[in-house]
Structure formats: C-alpha cells, structure tokens
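Derivation of every value follows stated rules applied to the coordinates shown; laboratory data play no part. Being a predicted model, the structure only gives us computed values, none of them experimental. So basically every Cβ, Gly included, is an ideal-geometry build from the backbone, and we count neighbours across all protein chains shown.
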Amino acid sequence: MTKSKYHPASIFLHWLVFILVIAAFITIELKSQFPKGSELRELCKSIHGVFGQLIFLAMILRLAIRNIYGVPEPTNPIPLFTRLAKAMHYLLYALLLISPIFGILYFQYAGKEIHFFGLVWPQFVTPNPEMKKTVEGIHEFLGNSLYFLIGIHALAGLWQHYILKDDSLRRMLNKSKSLA
Ligand code: HEM
Ligand code: HEM
C-alpha cells in the first residue's frame with residue numbers, strides 16, 4: 001500500500017532503531033577494551049546481544065506496520081536513485097532481521113544462554129566450536145556491511161534534504177508539508 005506519509009509508529013521505530021544500532025555498535029566496540037575471558041568483555045557481548053534482540057523486535061513491528069498501513073514511495077528527480085533508495089530500504093530491512101539471527105546462533109553454538117529481560121531462549125542448535133567460528137564470521141560481516149550501508153543511507157538522506165531540498169527527511173521526522 002502506497003501513502004504520502006509515514007505512520008507515526010514507523011517514524012518512531014525508525015529513530016528508535018537508529019539509537020539501538022548506535023548502542024549495539026558502541027557496546028561491541030567497547031568489548032575489545034577488556035581482556036579475553038574477562039567478565040566485563042562478556043558483559044559487553046551480552047548487552048550488545050540485548051540491543052540486537054531489541055532491533056530484531058522493532059524491525060518485526062515495523063514490517064507489520066508497513067504491511068498494514070503502507071509507506072510512501074521514495075522521491076528523487078532521477079528515477080534510478082528512486083529504485084536504488086527502494087533497494088537500499090529492502091536491504092536494510094533484510095540485514096536488520098538477519099544479523100540478529102546470526103548473533104543468536106553465535107551464542108548458541110558457543111554453548112551460552114541468551115537472556116532477554118529475564119527470559120532465556122530455548123536452545124535451537126547443539127554447541128559446536130567449528131560452527132561457532134563460521135557463524136561469528138558471517139555475523140561480523142553482516143554487522144559491518146550494515147554499518148557501511150547505514151552510512152550511505154544517512155548521507156543520501158542528508159543530500160536529499162540539504163542539496164535537493166525535497167520532503168524525504170521531513171517525512172521521516174513527521175514534518176512533511178504534503179497532505180494525506
Ligand atoms: C540505524 C540507522 C538507520 C537505519 C537502520 C535506517 C533504516 C531505514 C529504512 C529501512 C527506511 C525505509 C523506511 C520504510 O520504508 O519503512 C528508512 C527511511 C529513511 N531514512 Fe533511515 N535509517 C537509519 C538512519 C537514518 C538517518 C541517520 C537518517 C538521516 C539522514 C535517515 C533518513 C531516512 C529518510 C529521510 C528516510 C525516508 C526516505 C524516503 O521517504 O524516501 N535514516 N530508513
Ligand atoms: C542488528 C543487530 C546487530 C548488529 C548490527 C551486530 C553487529 C555486530 C558486529 C559488527 C560484531 C563484530 C564486532 C567486532 O568484533 O569487530 C558483532 C559481534 C557480536 N555480536 Fe552482534 N550484532 C547484532 C545483533 C546481535 C545479537 C542479537 C546478538 C546475540 C544475541 C549478537 C551477538 C554478538 C556477539 C556475541 C559478538 C561478539 C563475537 C566475538 O567477537 O566474540 N549480536 N555484532
């Protein structure tokens with residue numbers, strides 16, 4: 001369903017995920033400040049994991065709102081850029097949903113419990129050091145690709161706002177001038 005405005009919940013979740021991604025980034029970068037096997041290093045990984053799970057939940061919610069309510073088409077005077085923006089949005093959705101799954105698998109292949117506000121996830125896989133290494137590599141690759149793509153996406157948003165002076169960023173801030 002196509003609209004001319006984002007649903008306020010979509011806007012809220014967009015900026016919430018933005019903050020959560022920064023928090024996930026900071027906690028996992030902080031990890032390397034502490035020696036291997038130390039409690040603080042493990043704590044950083046666990047907190048990173050909680051932010052990652054929150055990102056997953058927020059993205060599921062966002063997808064549901066998008067399906068029920070719809071979203072506006074990206075705008076750009078160059079049709080190729082409109083298609084690129086659409087592709088970028090799908091890619092971001094995909095990575096924000098897939099990266100946390102690999103994070104969860106990483107913990108489980110390492111034989112560690114995953115906590116989420118007092119709840120413990122059921123074990124989906126049997127601990128396996130070989131698989132842990134593979135899944136760790138995939139998770140890191142997905143996470144780093146995500147940071148890179150988000151950088152391009154944010155620059156594109158700023159370019160549309162300050163250079164093209166269109167409505168895209170205002171739409172994502174609920175300050176759009178268009179009706180409906
Ligand atoms: C963690 C960081 C971010 C993520 C994961 C992210 C993800 C997304 C996604 C998936 C959409 C598509 C919305 C939808 O169709 O449901 C979107 C739209 C948008 N984002 Fe972001 N975003 C991030 C940060 C930013 C930042 C920092 C800016 C500011 C420049 C920004 C500006 C926009 C704009 C303007 C749109 C609407 C584009 C349009 O209407 O065509 N985003 N974002
Ligand atoms: C969208 C969400 C997520 C992003 C963007 C993300 C990103 C990353 C990145 C980039 C790294 C590598 C950091 C480095 O060592 O340089 C990493 C490591 C890690 N992630 Fe995530 N992650 C997410 C979700 C999760 C979730 C949900 C979990 C688990 C529940 C998780 C668990 C881990 C763990 C344990 C590591 C450390 C691996 C190690 O070096 O020992 N992540 N994450």
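See the values below:
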quantity: Spin-label pair Thr126/Lys86, simplified geometry with 7 Å Cα→Cβ offset, distance in nm; calculated: 4.6
quantity: Neighbour-count order for Val17, Val50, Val125, Val120, fewest beta carbons within 10 angstrom listed first; calculated: Val120, Val125, Val50, Val17
quantity: Extended-chain gain in nm, criterion 0.36 nm per residue less alpha-carbon gap, Ile68 and Ile22; calculated: 13.8 nm
quantity: Backbone N under 14 Å from the Ala94 label point (7 Å along Cα→Cβ), restricted to the range 64-88; calculated: 84-88
quantity: Contact order relative to length of the chain, as percent, for alpha carbon pairs under 8 angstrom and 6 or more apart; calculated: 26
quantity: Net lengthening on full extension, Leu43/Ile11 (0.36 nm per residue, minus Cα-Cα); calculated: 8.4 nm
quantity: Globularity ratio of the chain, using Cα Rg and 2.2 N^0.38 Å; calculated: 1.17
quantity: Amide hydrogen neighbours beyond the local backbone of Val71, cut-off 5 Å, H modeled; calculated: Lys3
quantity: Lysines whose Cα lies under 23 Å from that of Lys31, excluding same-chain neighbours fewer than 8 positions away; calculated: Lys45, Lys112, Lys132, Lys133
quantity: Stretch gain in nm, segment Ile101-Leu155, where the contour uses 0.36 nm per residue and the Cα spacing is subtracted; calculated: 16.7 nm
